[in-house]
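The values are calculated or read from the model by the stated rules, or taken from the named source; none is laboratory data. Note that the structure is a prediction, hence the values are computed from the model and not measured. Here the Cβ positions follow ideal geometry from the backbone for every residue, glycine too, while neighbour counts run over all protein chains shown. In case anyone asks, the SASA skips ligands and DNA or RNA and just uses the protein heavy atoms, side chains included. Shrake-Rupley method; radii C 1.70, N 1.55, O 1.52, S 1.80 Å.
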Amino acid sequence: MKKKTGPFKKLFILTGIAILIGVSIGSYIAVAKGVPSIKDLRHHVAVTGTRIYADDDTLIGELKVEKGIYLPLKAIPKDLINAVVAVEDSRFWKHKGFDHIAILRAAIKDILHVRIKEGGSTITQQLAKITFLTPEKTLTRKIKEIALARKIEKSLTKEEILELYLNRIYLGHGAYGVEMAARVYFGKSARNLNLSESALLAGLIKAPSIYSPYNNLVLAKDRQKTVLQRMEEEGYIKPSEREKAERQPLQLATLRGGVEANNYFIEYIRRYLEEKYGEDMVYKGGLKVYTTLDRKAQMAAARALQVGLREIDKRKGWRGPIENRKIDAEKELEKKKTGFQIPDSLDITTGIVLKVSHNEAIIKARGVNGRLSIENARWASNIFDPRTGKTTQIKNFSLDKILKVGDIVKVKFISVKGNKLELALEQDPLIEGAIVAIDPYTGFIRALIGGYDYSRSEFNRALYAKRQPGSAFKPVIYAAALDSGFTPASIITDEPVTYPGGPRGEWSPENYDHKFYGPTRLRDALAYSRNVVTVKLLESVGVNRVIEFARRLGIEGNMPNDLSLALGSMTTTPFELCSAYTVFANGGVRMKPLAIKYITNARGSVIESNEPEGEQVISPEVAFLITSMMEDVVNYGTGWRVKALGRPVAGKTGTTNDYRDAWFAGYTSDIVACVWVGFDDMKPLGHQETGAKAASPIWLNFVRSIDSGDPVGFPVPEGIVSYYIDPSNGLLVSDPSQGIKEYFRRGNEPKEYSNRRSIIRNLIEIRPDYD
């Protein structure tokens with residue numbers, strides 16, 4: 001039985017409404033006088049902002065006041081227009097700017113909830129808000145909105161209002177207006193949208209982030225159904241058309257293969273332009289900016305980072321489904337899906353579990369039913385609790401122990417076997433990362449990815465995340481030592497050592513494995529990332545000298561003036577470290593990093609031009625020797641995974657205390673790239689998540705995607721000579737068969753011969769994973 005409303009509550013509501021109406025009328029008269037003029041709306045002229053082009057002159061982004069791609073109303077499908085009107089403002093064609101009925105209904109709800117809960121805004125009011133006002137929910141803003149709506153209705157036709165609205169409304173993932181949204185979500189023009197697609201776009205207006213099919217396809221489909229039902233109720237479509245549109249699978253574009261891959265780089269360009277030219281010029285000046293970005297490299301970097309971060313996250317364990325919803329699973333399973341196409345296998349999407357057994361589950365994703373086998377979810381046998389940071393393992397793992405009907409989960413499309421779509425279980429990672437790639441010979445920035453997903457976080461970690469590089473800084477110390485007279489064959493004894501003083505008293509540095517290896521050549525010490533040898537080397541070279549050397553390479557971060565610098569205790573950014581490594585790759589020449597080649601103004605005149613600009617900051621010989629030593633980091637040291645590239649690579653891993661940061665910086669003869677992985681809040685990545693294990697596979701996958709396949713090595717400068725040495729003491733040997741080849745700066749080679757009669761040359765290949 002329905003509970004009756006008490007007399008006092010009725011009186012309270014009526015009194016509240018009367019007061020609200022009275023206050024609103026008085027406030028309207030006072031506020032309406034100060035609303036802005038809308039005369040410019042009728043004569044719409046799109047203001048030309050800044051267009052940004054990749055290195056191949058392909059348009060990759062625009063900076064302008066009026067975002068989106070303008071499309072005349074006559075070019076917008078009738079289904080899309082009707083869908084928006086039906087769900088957003090069904091009385092649009094009848095009211096004069098604001099809907100008394102909708103406002104009264106909203107006012108009652110606001111009074112009952114004692115806050116501004118529901119807006120009751122018409123399309124005209126929404127246009128007024130997005131054009132002239134702020135999104136705040138206040139009574140003053142609402143009154144201004146109504147006043148503006150009345151002015152707009154007097155000045156423009158309904159068709160003109162709708163055209164402006166459909167071209168300005170925000171629809172998520174950086175898409176303003178229906179044309180840009182159609183391209184982002186479906187990879188085509190809004191002109192070509194069908195009824196099903198039109199209903200989905202219309203449903204986004206209420207809450208783009210919540211109803212995005214990329215964020216939650218189940219909610220997106222539910223919202224789409226609501227729109228279609230409203231269209232049927234308003235007489236725009238027949239029941240049969242609604243049912244057909246509801247059943248039609250959505251052919252979504254691959255989001256991470258679209259505009260979002262370039263957003264971190266575009267934001268970098270925007271900041272530079274605004275600082276140099278001012279906002280008016282950037283957003284209204286018609287600039288054209290021709291950049292150094294390689295679209296293939298940028299896409300490869302985005303994908304490599306996303307895949308790599310998901311793999312690291314899965315090693316921590318399954319965090320459980322996103323949510324659970326009540327569904328009619330049998331009805332969903334009976335529906336037949338035909339004519340679907342497989343989305344990008346590297347993109348993940350939301351699905352809902354329809355059926356689950358011990359070994360497999362049926363999951364509906366993007367409108368089609370797919371099969372998840374236990375093998376493609378085996379990683380979820382480890383359960384991770386983010387609150388405690390602990391992982392527990394499920395004994396006798398089966399899918400029905402982690403999934404149930406109605407669970408909302410992330411999945412990846414992997415293959416089609418007959419009529420069966422095969423899926424893999426996924427989850428969005430909590431971990432973050434960054435990739436920077438620079439051409440060492442020009443300084444051109446080829447790729448710049450500042451995080452897992454720009455729509456999730458706009459913070460550009462590639463440029464602004466100042467983190468400790470750990471052992472990725474060691475090549476700087478070893479190069480400074482080579483510059484000071486040391487050689488790759490120089491011997492330092494790896495043994496226990498204690499240093500007095502300091503804020504924590506005595507300090508006894510240790511190697512990662514807590515072992516000591518006795519007399520060690522610098523080449524091996526760098527390859528195996530030996531901490532004790534590096535500390536003693538830094539002590540011999542001098543901290544101040546190493547800091548000065550690092551500054552020459554372009555490292556500007558704060559550096560402690562003590563021996564902890566040997567373990568990478570300073571701070572730097574992925575961009576800065578990548579730039580420093582380009583000096584080693586380019587024969588000691590430091591090229592100024594360039595993101596922009598040239599800029600033209602609205603008249604086509606060049607107003608800025610940047611040519612590659614370099615300076616010899618270290619000798620070619622030192623650059624070659626440290627490169628040769630870092631090649632062995634890959635050949636048999638901590639960077640061994642990168643050896644799979646199948647061509648000469650030089651690089652270095654890096655891991656900080658408690659596995660808080662994982663790095664790999666390295667280069668081929670074509671490109672220098674740096675990968676960083678970590679949590680924004682400095683939490684540990686997890687046990688054994690080193691630079692070798694967490695970062696170097698991302699680097700490998702990225703460079704492999706853009707590699708030319710030509711195994712070109714690193715050129716040897718004229719000032720370099722080679723001799724065969726005894727690996728146990730670094731001295732010369734007369735019989736090459738009794739030694740190993742080593743490189744030296746001419747005049748800096750050993751002068752003595754080893755007196756050992758027999759040298760063991762069979763080196764056992766090990767694959768250290770500790771750095």
Out of the trypsin sites (Lys or Arg not before Pro) in the range 533-613, which ones are loop residues according to DSSP with at most 13 other C-beta atoms within 10 Å? Arg603
Quick one: which residues, 5+ away or cross-chain, put their amide H under 5 Å from the amide H of Trp507? H built at 1.01 Å from N. Tyr499
Find the percent of Cα-Cα distances in the range 587-734 that exceed 23 Å, and round it to a whole number. 53
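Out of all Cα-Cα pairs in the range 476-540, roughly what percent, to the nearest whole number, are more than 17 Å apart?
Values: 787 of 2080 pairs.
Distances greater than 17 Å cover 38 percent of the Cα pairs.
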Taking amide hydrogens as modeled 1.01 Å from N in the peptide plane, which residues meet the under 5 Å criterion relative to Asp407, leaving out close sequence neighbours? Arg325, Val353
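Computed over the Cα atoms of the range 374-470, what is the ratio Rg over Rh, Rh following Kirkwood? Present the calculation step by step, with values, prior to reporting the outcome.
On the way: Rg = 19.1 Å, Rh = 17.4 Å.
Rg/Rh for the range 374-470 comes to 1.10.
Can you list the trypsin sites (Lys or Arg not before Pro) in the range 657-759 that are in a DSSP coil and have 12 or fewer other beta carbons within 10 angstrom? Write out the running numbers ahead of the final one.
Values: sites: Arg660, Lys693, Arg704, Lys741, Arg745, Arg746, Lys751, Arg756, Arg757; in loops: Arg660, Arg746, Lys751, Arg756, Arg757.
Here the sparse-neighbourhood loop sites are Arg746, Lys751, Arg757.
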How much length is gained on full extension from Gln738 to Val617, taking 0.36 nm per residue of separation minus their Cα-Cα distance? 39.8 nm
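Rounded if a/c is under 1.5, else prolate if a/b is larger than b/c, else oblate: which is the range 695-743, with a ≥ b ≥ c the root eigenvalues of its Cα gyration tensor? Could you put the intermediate results ahead of the total?
Working: a/c = 3.51, a/b = 2.21, b/c = 1.59.
Judged from the Cα gyration tensor, the range 695-743 comes out prolate (a/c at least 1.5, a/b above b/c).
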Phi-derived 3J(HN,Hα) across the range 507-512 with the Karplus relation (6.51, -1.76, 1.60, θ = phi - 60°), rounded Hz, x for Gly and Pro, is 10, 10, x, 10, 6, 4
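Quick check on packing: order 301-308, 246-253 by the mean number of other C-beta atoms within 10 Å, highest mean leading. Intermediate results must be reported in sequence, preceding the final value.
Values: 301-308: 24.5, 246-253: 17.0.
In decreasing order of mean packing, 301-308, 246-253 become 301-308, 246-253.
What order do you get for 568-579, 477-488 when each peptide is scored by the mean count of other beta carbon atoms within 10 Å, highest first?
Values: 568-579: 24.2, 477-488: 22.6.
Ranked from most to least packed, the peptides come out as 568-579, 477-488.
So for Thr655, Thr388, Thr226, what's the accessible-area order with a 1.4 Å probe, most first? Spell out each step's value before the answer.
Numbers: Thr655 25, Thr388 85, Thr226 55 Å².
So, going from the largest accessible area down, we get Thr388, Thr226, Thr655.
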Using θ = phi - 60° and Karplus 6.51 cos²θ - 1.76 cosθ + 1.60, couplings along the range 678-695 (whole Hz; Gly, Pro as x): x, 9, 4, 8, 6, 5, x, 6, x, 4, 6, 7, 8, x, 5, 8, 8, 9
With Kirkwood's inverse mean 1/r over C-alpha pairs for Rh, give me the Rg to Rh ratio of the range 386-541, two decimals please. 1.13
Hey, could you get me the Stokes-Einstein D for the range 432-500, Kirkwood radius over alpha-carbon pairs, 4 °C and 1.567 mPa s, rounded to whole µm² s⁻¹? 82
With +1 on each Lys and Arg Cβ and -1 on each Asp and Glu Cβ, and nothing else charged, work out how big the dipole of the range 346-430 is about its Cα centre, in Debye to the nearest 20. 140
Over 10 Å intervals from 0, what percent of Cα-Cα pairs in the range 344-406 sits in each interval? 20, 45, 30, 4
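Per-residue counts of other Cβ atoms within 10 Å, averaged by peptide: what ranking do you get for 56-64, 215-223, highest first?
Working: 56-64: 15.2, 215-223: 20.6.
Descending mean neighbour count gives 215-223, 56-64.
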Roughly what percent of Cα-Cα pairs across the range 633-678 reach past 17 Å? 31
